[in-house]
Amino acid sequence: MDLASVSVNLTDLAAEAKRPDPAEVYDLLVLGGGPAAMTAVLYAARKMMKLAMVTYDFGGQMAETSEIENYMGYRFVTGLDLTDKFKEQVQQFDIPIAWGQKVTAVRRGDGRFTVETDQGGAFQARTLILATGKRYRLLGVPGEKELAGHGVAYCPTCDAPFFKNKVVFIAGGGNSAFTAALDLVKVARDVTMLNFAADWQADPILQQAVERFGDRVKRLDQQHVLAIEGNGRVESVRVQDRRTGEERSLPADGVFIEIGLTSNSEPFAGFVELNEKKEVVVDCATRTNVPGVFGAGDLTTVPYKQIVISTGEGAKAALAAYDYLIHRGLL
């Protein structure tokens, strides 16, 4: 199954789903659309909770992962196929979904929470699950925003086919960068990794996988990316060697920014406790410091950001929200 077909299916899900009622006070609002959020919806629906979902998209990072070999039940599955499987389970239930909406603020008052969105929506619930995940971190150099979608890319799974027989650079030296290299070396003519640090931070197994391609993937460390250059399209990347101070412009058809992720927690700052990484602080039962508010998935302080962990945390969060309501006589 390709990206286009999955996108159509997920759009169909949103189109078919009824919209949340702003006048309704739901038992639970699930914020997010990744594996943690979708699993939470499944468990909450099976508990017969009155719930709704607010999400900008479906699948999250899972939908942008090319190959998954460590999710139980599958020796191998693409992120798109697994997203579709999750979607099918959510689709079993008549869940109101505010799709294509980003949460902008959360307020508490009168024994309920109000969630506001960038589309003017305002939805109410007695409990919340925060599961908005993470997003790509920006490099923050001249040319990045201007050339985004015109040679600057963040998702190799989505965009690698557009760089067939092209010269591409990868900014980064961690797991994201090495995973991108494995995707791009299959299609690009020339792949070069640019790492700011002296050491490569990726897991050894990923480094070994890239090393098997030999000179087809070049690795340059201690390179400071100064700018991405081009007139309407990427033409070169300007770098500075941190050892010598030398600057040079390297001809390029594309630049993939792979320097990790940042939490989608801005709407929750000042509402729940965040750590220094802007992750939502949760305990072993997914509870935040605000009674009735739970967190799940990559957004939280739970270590080891993996799909299987996110799904487990999503299930825990739904069950914790159910217990919270039951013990207060609200169900």
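The values are calculated or read from the model by the stated rules, or taken from the named source; none is laboratory data. Bear in mind the structure is a predicted one, so any value in this text is a computation, not a measurement. Cβ sites come from the backbone with ideal geometry, for glycine too, and all protein chains shown count toward neighbours.
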Please work out which residue is modelled with the lowest pLDDT, limiting yourself to segment 42-61 and to residues that are surrounded by fewer than 24 Cβ atoms within 10 Å (Cβ to Cβ) and outside any loop (DSSP other than H, G, I, E, B). Gln61
Scan (1) crowded, with 20+ Cβ neighbours inside 10 Å; (2) closer than 29 Å to Asp203 by Cα; (3) assigned by TED's automatic domain parsing to the domain that holds Leu130; (4) not polar (S, T, N, Q) for the single condition Phe271 breaks and write down its number. (2)
Say whether the condition of being under 19 Å from Val152 (Cβ atoms) and touching a Leu at 6+ places or on another chain (Cβ under 8 Å) is met by at least one residue in segment 200-219. no
Looking at Gly174, Gly109, Gly149, can you tell me which residue is closer than 30 Å to Arg233 by Cβ, of a type outside the set (Ser, Thr, Tyr) and at pLDDT 90 or above? Gly174
Condition test on Thr114, is it among the polar types (S, T, N, Q), assigned by TED's automatic domain parsing to the domain that holds Val280, under 18 Å from the mean Cα position of the chain (by Cα) and on the phi < 0 side of the Ramachandran plot? no
What residue, of Lys305, Lys316, is of a type in the set (Lys, Arg), out of contact with any strand residue (DSSP E or B) (no Cβ under 7 Å at 6 or more places or on another chain), surrounded by fewer than 20 Cβ atoms within 10 Å (Cβ to Cβ) and in the same structural domain as Val106 (by TED's automatic domain parsing)? Lys305
Looking at (1) in contact with a Ser or Thr (Cβ under 6 Å, 6 or more places away or on another chain); (2) in the same structural domain as Val168 (by TED's automatic domain parsing), which is the only condition Pro156 fails? (1)
Report, by residue number, each residue of segment 87-120 that is in a loop (DSSP other than H, G, I, E, B) and closer than 17 Å to Pro267 by Cα. Gly100, Gln101, Lys102, Asp118, Gln119, Gly120
Looking at segment 78-101, which of its residues are within 27 Å of Tyr304 (Cα to Cα) and surrounded by 18 or more Cβ atoms within 10 Å (Cβ to Cβ)? Thr78, Gly79, Leu80, Leu82, Thr83, Asp84, Phe86, Lys87, Val90
Quick check, is Gly295 surrounded by 13 or more Cβ atoms within 10 Å (Cβ to Cβ), small (Gly, Ala, Ser) and touching an Asp or Glu at 6+ places or on another chain (Cβ under 9 Å)? yes
Every residue from segment 188-240 that is free of Cβ contacts under 8 Å to residues at least 12 places away in the same chain and either within 25 Å of the chain's Cα centre (by Cα) or surrounded by 15 or more Cβ atoms within 10 Å (Cβ to Cβ) (or both): Pro204, Ile205
One residue is enough: does segment 242-253 have a residue meeting the conditions at pLDDT 95 or above, touching an Asp or Glu at 6+ places or on another chain (Cβ under 6 Å), surrounded by 12 or more Cβ atoms within 10 Å (Cβ to Cβ) and aliphatic (A, V, I, L, M)? no
What number of residues in segment 121-148 are of a type outside the set (A, V, I, L, M, F, W, C), surrounded by fewer than 21 Cβ atoms within 10 Å (Cβ to Cβ), within 18 Å of the chain's Cα centre (by Cα) and part of a loop (DSSP other than H, G, I, E, B)? 1
Please go through segment 163-187 and pick out each residue that is in contact with a Lys or Arg (Cβ under 9 Å, 6 or more places away or on another chain), without any contact (Cβ under 8 Å) to a residue 40 or more places away in the chain and not in a helix (DSSP H, G or I). Lys164, Asn165, Val185, Val187
Which condition from (1) in contact (Cβ under 8 Å) with a residue 24 or more places away in the chain; (2) not assigned by TED's automatic domain parsing to the domain that holds Lys102 is the one that Glu246 breaks? (1)
Inside segment 22-41, the number of residues satisfying the requirement of being in a loop (DSSP other than H, G, I, E, B) and small (Gly, Ala, Ser) is 4
